[in-house]
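The values are calculated or read from the model by the stated rules, or taken from the named source; none is laboratory data. No experiment lies behind these values; they were computed from the predicted model shown. Cβ atoms come from the backbone with ideal geometry, glycine included; neighbour counts cover every protein chain shown. Note: accessible area is taken over every heavy atom of the protein model, side chains too, but ligands, DNA and RNA are not part of it. Shrake-Rupley method; radii C 1.70, N 1.55, O 1.52, S 1.80 Å.
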Amino acid sequence: IVGITRDFRHATDTDPVAEPGDGDLVGLVHHGRDRRARLIGDRNGQRIALDRINRQANVMRPHQKRREAAERALGLGEANEALRWCESAASIGPEDATTSMLMGRAFMQLGDLVAARVSLQKAQSSTEDEEIRARVIAELAELSYLGGDLKAAAEQAKDAIERAETLSTRLSGRNTLGKILLAEASWDAADVHFTEDLLAASQGGESVAEL
């Protein structure tokens, strides 16, 4: 699995091959296709919202607006644009943990794992909020996975899941655990893992988490 964008899909979703009698599997594949079609609409909506933010006349946007623009850009895979907004937000609130976390995500998308680690560690040390800390640890788990340290990635992902107060953060940690199962060629376990996450995301309305 390549990239930073969260990917709770598995081989069945992306290249479905159903054997005769696998009615339940076929139903899940069709369900996945329908959800991906809706996600394309979500992405188009994000692009429209991001363009609207960028067209605002007031150049000196509030801190929250800049973070919002950065997060939307990340969702669209626009890492350079996200980094620009993060740097702008950091000029107003240099110790803001969420801004540092978003900056870490942007650097990960750009492939700069060293800068990503520096930003995420800064975010981790800048907050006492348990949910933000859990989100940061989930990103550190993803970073460790990308760096090839599967043991650290698994430990951090489990820590994030335990601390998480929201479904999206819990799924973020579980996503990394699923990728580790794939990296270890534990295909059956990975299939069950991602199916459970897909259903949990669907029930919780976490469409972004299903990417």
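Using the basic label-point model (7 angstrom from Cα toward the beta carbon), what is the ALA189 to GLU131 distance in nanometres?
Distance between label points: 3.1 nm.
Calculated FRET efficiency, GLU162 and VAL114, Cβ-Cβ r, R0 35 Å, to nearest 0.05? If you can, show how the numbers build up before the last one.
Details: r = 27 Å, r/R0 = 0.78.
Result of the calculation: an efficiency of 0.80.
Hey, what's the stretch 94-137 come to in accessible area per residue, 1.4 Å probe, Å²?
43 Å²
Within the accessible area of the stretch 79-211, what % is carbon and sulfur when the probe is 1.4 Å and the other protein chains stay in place?
50 percent
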